[in-house]
Amino acid sequence: MGFLQSLGAWVNVVLDPLLSPLLKLGPFWVVLILSFVIAFFINLITKLFTNQEEMKNLKDELKKVQQQVKEAGNDADKRMELQKKAMDKNFAYLKHSLRSTFITIIPLLILFGWMQLHLGFVPLHADQPFTTSLAFAEGITGSVSIDAPNLELIPSTANGTVAQEKEKLVVDGKASWTLRGKSGDYVLSYKFMNKTYTNEVSIKEQGESGYKIPNTLVRDGIIKSIDVQLEKIVVLEVFGLKLSWFWAYIIFSIVFSLVLKKLMKVY
């Protein structure tokens, strides 16, 4: 988790000044615009750093071989020979395209990191309740307590008290708490069997974006994970399917890439 938090902080420092204004447009437009920018960037790098004439020739030759495979009919030997030739052409084309992939991979990973941090989930907001929970390994029982400095613990029953709420029994492999607080960064501590586990949460004011990655895999034989319930951001709805930024990006990028390849004559 420390690595992910550090990466997220670094990505924000690098990209926030440039990309944060886009967030005012809403998730759909942010993903649409960045999908176009990424598709244009990839096609531009491919055109500049690969031998386009050779790649065009390879694609043309591959089409001819594929047509010859169809015309070979039931001639198994001929088909096998042609399919081997097609694989060789595909491999040669792939070697050329990998050059641009090596150039674009790091910038894309950084940009995807920023998108996940800002478009993955709705942030926790000030004075709005949220749930944190521990998932335990099978067969684990007992009581677990939470320490959440400067956050309000919300009793689960009308007659509940904060003291009662801090310590919970593990039921069906899980223990949960409901909290709320003002904007800021907080460290939650969970105590179980003389061991202490920690997790970080970030609460934002209404209208602010970004969040700490609040879910942690533990898997120490006792606790499987520490979770904070966040609502996923729906960027696009297709035939009733609610799509996250990643799947919306895949759809947009395929469309933009096909159009730009033709306009920019990239092979």
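Output the number of the condition that Gly139 fails; it satisfies all remaining conditions of (1) among the small types (Gly, Ala, Ser); (2) at pLDDT 90 or above; (3) outside any loop (DSSP other than H, G, I, E, B).
(3)
Residue check, Ser133 against (1) over 30 Å from Leu19 (Cα atoms); (2) without any contact (Cβ under 8 Å) to a residue 60 or more places away in the chain; (3) of a type outside the set (Val, Ile, Thr); (4) in contact with a strand residue (DSSP E or B) (Cβ under 8 Å, 6 or more places away or on another chain), all met but one. Which one?
So Ser133 meets the others, but not (2).
Please verify whether the stretch 1-14 includes one or more residues that are at pLDDT 85 or above, assigned to a helix (DSSP H, G or I) and out of contact with any strand residue (DSSP E or B) (no Cβ under 6 Å at 6 or more places or on another chain).
Checked against the condition, which is being at pLDDT 85 or above, assigned to a helix (DSSP H, G or I) and out of contact with any strand residue (DSSP E or B) (no Cβ under 6 Å at 6 or more places or on another chain), the stretch 1-14 yields no hits at all.
If you take the residues of the stretch 121-132 that are surrounded by fewer than 18 Cβ atoms within 10 Å (Cβ to Cβ) and of a type outside the set (Ser, Thr, Tyr), which of them is nearest to Tyr197 (Cα to Cα)?
For the stretch 121-132, the residue satisfying everything is Pro129.
Return the total of residues in the stretch 224-267 being closer than 22 Å to Ser202 by Cβ and either free of Cβ contacts under 8 Å to residues at least 24 places away in the same chain or surrounded by 12 or more Cβ atoms within 10 Å (Cβ to Cβ) (or both).
Here the count works out to 13.
Inside the stretch 210-250, can you point out the residues that are in a helix (DSSP H, G or I) and in contact with a Leu (Cβ under 7 Å, 6 or more places away or on another chain)?
Trp245, Ala248
Can you say whether Leu117 is touching a residue at least 12 places away in the same chain (Cβ under 8 Å), in a helix (DSSP H, G or I), crowded, with 17+ Cβ neighbours inside 10 Å and not basic (Lys, Arg), as far as the supplied structure shows?
Yes: the conditions hold for Leu117.
Within the stretch 133-145, can you find the residues that are surrounded by 10 or more Cβ atoms within 10 Å (Cβ to Cβ), under 29 Å from the mean Cα position of the chain (by Cα) and not polar (S, T, N, Q)?
Leu134, Ala135, Phe136, Ala137
Look at Glu152 and say whether it is touching a Lys or Arg at 6+ places or on another chain (Cβ under 6 Å), in contact (Cβ under 8 Å) with a residue 12 or more places away in the chain and not hydrophobic (A, V, I, L, M, F, W, C).
Yes: the conditions hold for Glu152.
Looking only at the stretch 29-40, filter to residues that are out of contact with any helix residue (DSSP H, G or I) (no Cβ under 6 Å at 6 or more places or on another chain) and buried (at least 17 other Cβ atoms within 10 Å of the Cβ); which one of those is nearest to Met264 (Cα to Cα)?
Among residues in the stretch 29-40 that are out of contact with any helix residue (DSSP H, G or I) (no Cβ under 6 Å at 6 or more places or on another chain) and buried (at least 17 other Cβ atoms within 10 Å of the Cβ), the one nearest to Met264 (Cα to Cα) is Ile38.
Taking Gln128 and the conditions (1) in a loop (DSSP other than H, G, I, E, B); (2) touching a helix residue (DSSP H, G or I) at 6+ places or on another chain (Cβ under 9 Å), which numbered condition does it fall short on, given that it satisfies the others?
So the condition that Gln128 fails would be (2).
Run down Thr196, Thr178 and say which single residue is in a strand (DSSP E or B) and out of contact with any Pro (no Cβ under 9 Å at 6 or more places or on another chain).
Testing whether each residue is in a strand (DSSP E or B) and out of contact with any Pro (no Cβ under 9 Å at 6 or more places or on another chain) leaves just Thr196.
May I ask you to say which residue of Phe36, Phe102, Phe40 is without any contact (Cβ under 8 Å) to a residue 24 or more places away in the chain and either in a helix (DSSP H, G or I) or not hydroxyl-bearing (Ser, Thr, Tyr) (or both)?
Phe102
The values are calculated or read from the model by the stated rules, or taken from the named source; none is laboratory data. Nothing here was measured: the structure is a model prediction, and the numbers come from that model. Cβ sites come from the backbone with ideal geometry, for glycine too, and all protein chains shown count toward neighbours.
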